[in-house]
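Engineer: I have a structure here, written as structure tokens, and I will follow up with some questions on it.
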Amino acid sequence: PFGFKNDFLTHDMIVDDKLGLLASLTNESYLKQLNVSSKDEFDKLPLFKKLSNIYFQISIKAKLNLVGLTYTDDENAVSITKEEYNKLFPTIKDPEYKVYSESKLQNIIARIEHERWNTFHILQGFTPLELTDYSFDRKKIHQDEANKKHGCLTTYEDLDKVHKRILEVNKENGVQKTLEEIETYKYDFNLVADIYDNLTSIGYKIIVKK
């Protein structure tokens, strides 16, 4: 159901650098959630972060295939509408915290995305950052990239412990944060929710997979 590697990495996609463009759009989606805006930010990223965004794009077809969809740059193809897409591939932006544990399709796809993210980082040599090793940095409480350690490198369920610890470290340092401000589930949901807009913005069409 996931096709072959040539379905993901076409010659045109690589030569025309469409993959890089899509990866930069993924990074923009992430930055929006941090209330940061910089078109040049992607070029400044370390290589492993660029690759992380690229691998997210490579995984999109597999996610679409789960519900019988794919995307193409065939000029003769007719894209389904966003309304049709949302019925087949339901996504939600900025979901309420209580829905993360539900078994709706968007939750399952968000979980799959987190597991993909875990796998990529493990292959890049990252290991989990223990909760006891968190140090206060307003931007990077739960990650130590210099030593390739990350607090989110854990099971989906254990992210709750990560969030609790982030809140504790903030509070210990006199910073009041809400759970909604610091939780990391939203990245998996929101990145997936931007798939339709990102693909169609550069000319791709989302179609029913034959």
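Engineer: How much accessible area per residue does the chain have, in Å², with a 1.4 Å probe?
Structural biologist: Spelled out: the 1.4 Å probe surface of the chain, per residue, equals 58 Å².
Engineer: Summarise the accessible area of region 72-210 (1.4 Å probe, protein heavy atoms) by the percent that is carbon and sulfur.
Structural biologist: About 50 percent, which is the carbon plus sulfur part of the accessible surface.
Engineer: Only one of the listed values, [x] 59, 35, 30; [y] 110, 38, 26; [z] 98, 49, 39, was derived from the coordinates as Cα extents along the principal axes in Å; which label is it?
Structural biologist: Structure-derived value, by its label: [x].
Engineer: Once phi is turned into θ = phi - 60°, what whole-Hz ³J(HN,Hα) does the Karplus curve with 6.51, -1.76 and 1.60 give for every residue of region 160-176, x standing for Gly and Pro?
Structural biologist: These are the phi-based 3J(HN,Hα) values: 4, 5, 4, 5, 4, 5, 4, 4, 5, 5, 4, 5, 4, 9, x, 10, 8 Hz.
Engineer: Which value results when the Cα radius of gyration for region 122-210 is divided by 2.2 N^0.38 Å?
Structural biologist: Dividing the Cα radius of gyration by 2.2 N^0.38 Å gives 1.40.
Engineer: For region 123-210, what's the relative contact order in percent, using C-alpha pairs closer than 8 Å and at least 6 residues apart?
Structural biologist: 21 percent
Engineer: A further question follows. With every protein chain left in place, what is the accessible area of Thr81 in Å² (1.4 Å probe, nearest 10)?
Structural biologist: Its heavy atoms expose roughly 70 Å² to the probe.
Engineer: Could I ask something else about it? Which cross-chain or sequence-distant (5 or more) residues have an amide H under 5 Å from the amide H of Leu69, H modelled 1.01 Å from N in plane?
Structural biologist: Long-range HN contacts for Leu69: Lys209.
Engineer: Note down the net charge around Lys49, summing +1 for each Lys or Arg and -1 for each Asp or Glu among other residues with Cβ under 12 Å from its Cβ.
Structural biologist: -1
Engineer: From the helices alone, meaning DSSP H stretches of at least four residues, give me the mean residue ellipticity at 222 nm for the chain, per-run term -39500 (n - 2.57), in deg cm²/dmol to the nearest 500.
Structural biologist: The helix contribution divided over the chain gives -15000 deg cm²/dmol.
Engineer: Which of these, Arg165, Arg116, Arg138, has the largest mean-square fluctuation under a Gaussian network model of the chain (Cα springs below 10 Å)?
Structural biologist: Arg138
The values are calculated or read from the model by the stated rules, or taken from the named source; none is laboratory data. Only a predicted model underlies this, so the values are computations on that prediction, with no experimental measurement involved. A quick note on method: Cβ atoms are made from the backbone with ideal geometry, for glycine too, and the neighbour counts reach across all protein chains shown. Just so you know, the surface numbers come from the protein's heavy atoms only, side chains and all, with ligands and any DNA or RNA stripped out. Shrake-Rupley method; radii C 1.70, N 1.55, O 1.52, S 1.80 Å.
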